[in-house]
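Rule-based calculations on the coordinates, nothing more; no lab input. Remember, it's a predicted structure, so these values are computed and weren't measured experimentally. Cβ: placed from backbone, ideal geometry, glycine included. Neighbour counts: every protein chain shown.
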Amino acid sequence: MKNLKQSLAVSLWFIFLTFPLMVVKVNTSDKIVQWRWMNILWVGLAIFLLSFVWRHALARKEARQMAAQSGQDDLNKPTRIQAMLEDQKLRTRAMFALLIVALAFPWVFDTYQSTIMISALIYVVLGLGLNITVGLAGLLDLGYVAFFAVGAYSYALLNHHFGLGFWTVLPVGGILSCLFGVILGFPILRLRGDYLAIVTLGFGMIIKVVLENWSDFSFGPSGIANIDKPSLFGLKMDIAASTTYIYYIMIALVILTVIVTGRLKNSRIGRAWIALREDEIACVAMGIDMARTKLSAYALGAFWAGMVGVMFAAKTTFINPASFTFMESAIILSIVVLGGMGSILGVILGAMILILMPEYLRAFSEYRMIIFGAAMVLMMIFRPQGIISNVRQKYQFKGLKEKTENV
Amino acid sequence: MEYFIELFLGGLTRGSIYALIALGYTMVYGIIQLINFAHGEIYMIGAFVAYIVCGVLTIYGFHGVSILIIAGLLAVVYSCAYGYTLEKVAYRPLRNAPRLSPLISAIGMSIFLQNYVLLAQTPDFLPFPALIPDFEFMEPIAHIIGSPELVILVTTLVTMIMLTLLIKYTKIGKAMRATQQDMSMARLVGINVDRVISTTFVIGSALAAIGGVLVASYIGQVNFYIGFLAGVKAFTAAVLGGIGSVPGAVLGGLVLGLTESFAAGYISSDYEDVFAFGLLVLILILRPAGILGRATKQKV
């Protein structure tokens, strides 16, 4: 009964809150006011039901926290998915199957599907790159798309002016945006969390403004067209063949990224990043060079964005500043957050879900961003570790246990 | 010289708007160390509500100043309600979470509110009526400073004096200062910290709504996206002045407004935003705590 009353009050409050924006719509030029009364009903009903779910979920979360505090609930116990991930045999088999599916994809489905898959894979690499900066090192970067732009424009411009090919520019784009990462990294090394976020955001916007206005350099808002597609020993390819070709390059790039970031995560520098994320002061006290660690996180994160930026320019053959807005940065960030910060599999899954879902649910595409926003909030409140939470590598010394048992 | 004065006053007007929005950021940050990314959206919602109320009232035959007052009041009321709800839904459950969590939640909320207005209303730019009338006594100096600018400057000044008085002399102001200094200590002496935080959000939202209505009527259009850039600029202003400090936010807003105005007037208006962020980076390198901010030692 109390719950019912509470939910009623909440839904009344939200009806009041959404009234002017949801119900009234004015057209000042024709002097017409449109009253959409039905919306009240929907808002009221939806909020009424949601408030029950909300309260239940919050209560559950609190109960779990309490249990964790008193030590009853074993937080360290791996969940079923984590246990499955730990299983070596299963893992190799799953990976093998996945690889076959990925390789067969362009032959089973048509060119359109491959094109969609390519853009999803581009976001996978972007997500994995940002995962280094945000997920592992804990440096919130809101201007990540700037590095993507650096890569894309370096290919477009080098190709336009000097006729350089895709394969030459691929590493160049990566290195250039790596350099940008270091240049940006230097002044903001001393800044902490939130300041960092705002400066990176500013950097993202500066790059976009410069690209839009410095027409002699970047051809302004009209962008650069007719960028060469990647070549294969000078073979002439039709659209379908070249899409398949790009698809395979993307698959290779994803595999490379997964291997490199996976190795980095458990390396000396990767552990330094994680330590930095957990506690900066303690980390410095343990003798970790903060400047170098932070810079390397920035530079390596930017490197992947630059590479995949080259890829993006080669795939679309046309780029302009409109592709590099803050919204893109926000999408990449939500991929990392929703997938699970620090977890490679989570980020891949997150990118697939967030990019493929709106493609196949065309009817809902206008609701995409609002769902993104809501999902980010809900995820932070109810499942801050993401879809698949990051598992730290554990090292076990097996010999000791046996010995002690024998004694 | 006249051009200089014109730019100066233009910068001052713009800066005072930044300052109004920046105050909301800085007050919230001072208390819970959170960049309220959705604050710009509160500002946008204020402007939008004012637009809708104006439209309805004009069609039903109201005139002049009465519209301005009703629209302004409703905009403030609604912004406060949104600010209050925002805090309750998106930030309160994350009070004890790691610091990145509420920040991401705030970005999510910002995206959500933008698209909510986009879907509920329209993605187009809407013409906002010029609510501020031209005063007759302003005629002789109208070529230097117009009536809207004067109204913006005066309103900002009055609002800030009121805010200062509120923080300095009222009970809730005292509670806010105490919470800012030490939250758990404030709780020990019987301050309802949750209520203080809610009040802070409400006050910040009210200031943002005032800024929103003034800007919308000054520039003459509203759109679901206006909050984002305004929010980022205002946050830049807050950081410039030293985040957490109320006079710092005002100073930061004015410095930012003047910089932009002079840069646009003397160098190039295309690169306005570049100068704003360039200034931010420069100040943060030289003085990481901002102009008026105190550098706090972080304890382990």
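See the values below:
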{"item": "For the range A:130-145, 3J(HN,Hα) per residue [Karplus equation, 6.51 cos²θ - 1.76 cosθ + 1.60, θ = phi - 60°, Hz, x = Gly/Pro]", "result": "5, 4, 4, 6, 8, x, 8, 8, x, 9, 6, 10, 9, x, 4, 4"}
{"item": "Per-residue average of Cβ from other chains inside 10 Å of B:92-101", "result": "5"}
{"item": "Most mobile of A:Ala67, A:Ala146, A:Ala375 in a GNM of chain A (Cα contacts under 10 Å)", "result": "A:Ala67"}
{"item": "For the protein assembly as shown, the fraction of alpha-carbon pairs in successive 10 Å shells from zero, as %", "result": "3, 13, 23, 25, 20, 11, 4, 1, 0, 0, 0"}
{"item": "The range A:2-70: relative contact order in percent, alpha carbon pairs under 8 Å with at least 6 residues between", "result": "34 percent"}
{"item": "Karplus (6.51, -1.76, 1.60) ³J(HN,Hα), θ = phi - 60°, over the range A:196-210, in Hz, Gly and Pro reported as x", "result": "4, 4, 6, 5, 5, 4, x, 4, x, 6, 4, 4, 5, 4, 5"}
{"item": "Cα lying deepest toward the dipole's positive end in the range A:83-382, options A:Leu295, A:Ser334, A:Gly181, charges on Cβ", "result": "A:Leu295"}
{"item": "Förster-model FRET efficiency, 30 Å R0, B:Asp182 and A:Gln6, C-beta, rounded to 0.05", "result": "0.35"}
{"item": "Of the DSSP H helices in chain B, those whose Cα atoms cover at least 20 Å axially and whose Kyte score averages -1.0 or more", "result": "B:2-32, B:39-59, B:64-86, B:100-120, B:147-169, B:193-219, B:226-241, B:246-262, B:272-286"}
{"item": "Distance in nm between pseudo-label sites at A:Leu50 and A:Tyr360 (7 Å out along the Cβ direction from Cα)", "result": "2.6 nm"}
{"item": "Bins of 10 Å from zero: percent of alpha-carbon pairs in the range B:221-300", "result": "19, 44, 28, 7, 2"}
{"item": "Rh (Kirkwood; distinct C-alpha pairs) - the range B:52-188, Å", "result": "19.2 Å"}
{"item": "Dipole in debye (nearest 20) - chain B, about Cα centre, beta carbon charges: Lys, Arg +1; Asp, Glu -1", "result": "1840 debye"}
{"item": "Test item: A:11-22 mean partner chain Cβ contacts at 10 Å", "result": "4"}
{"item": "Extension reserve of the A:Phe318-A:Ser29 stretch, reckoned as 0.36 nm per residue once the Cα distance is removed", "result": "100.2 nm"}
{"item": "Whole-Å semi-axes of the ellipsoid equivalent to chain A (Cα gyration tensor, √5λ, descending)", "result": "36, 34, 23"}
{"item": "J(HN,Hα) series, the range A:275-292, from Karplus relation 6.51 cos²θ - 1.76 cosθ + 1.60, nearest Hz, glycine and proline x", "result": "4, 5, 5, 6, 7, 5, 5, 4, 5, 5, 5, 7, x, 8, 6, 5, 4, 5"}
{"item": "For chain A, built as a Gaussian network whose Cα springs stay under 10 Å, the top-fluctuating residue of A:Asn27, A:Asn159, A:Asn226", "result": "A:Asn27"}
{"item": "Ratio Rg/Rh, restricted to chain B and using Cα atoms, in which Rh is the Kirkwood radius", "result": "0.97"}
{"item": "Solvent-free Debye scattering, log10 I(q)/I(0), computed from the Cα coordinates of the range A:2-70 at q = 0.24 Å⁻¹", "result": "-0.96"}
{"item": "FRET efficiency for B:Ile5 and B:Val158, using Cβ-Cβ distance with R0 set to 35 Å, rounded to 0.05", "result": "0.90"}
{"item": "Peptides ranked, highest mean first, by Cβ atoms within 10 Å: ranges A:376-389, B:179-192", "result": "A:376-389, B:179-192"}
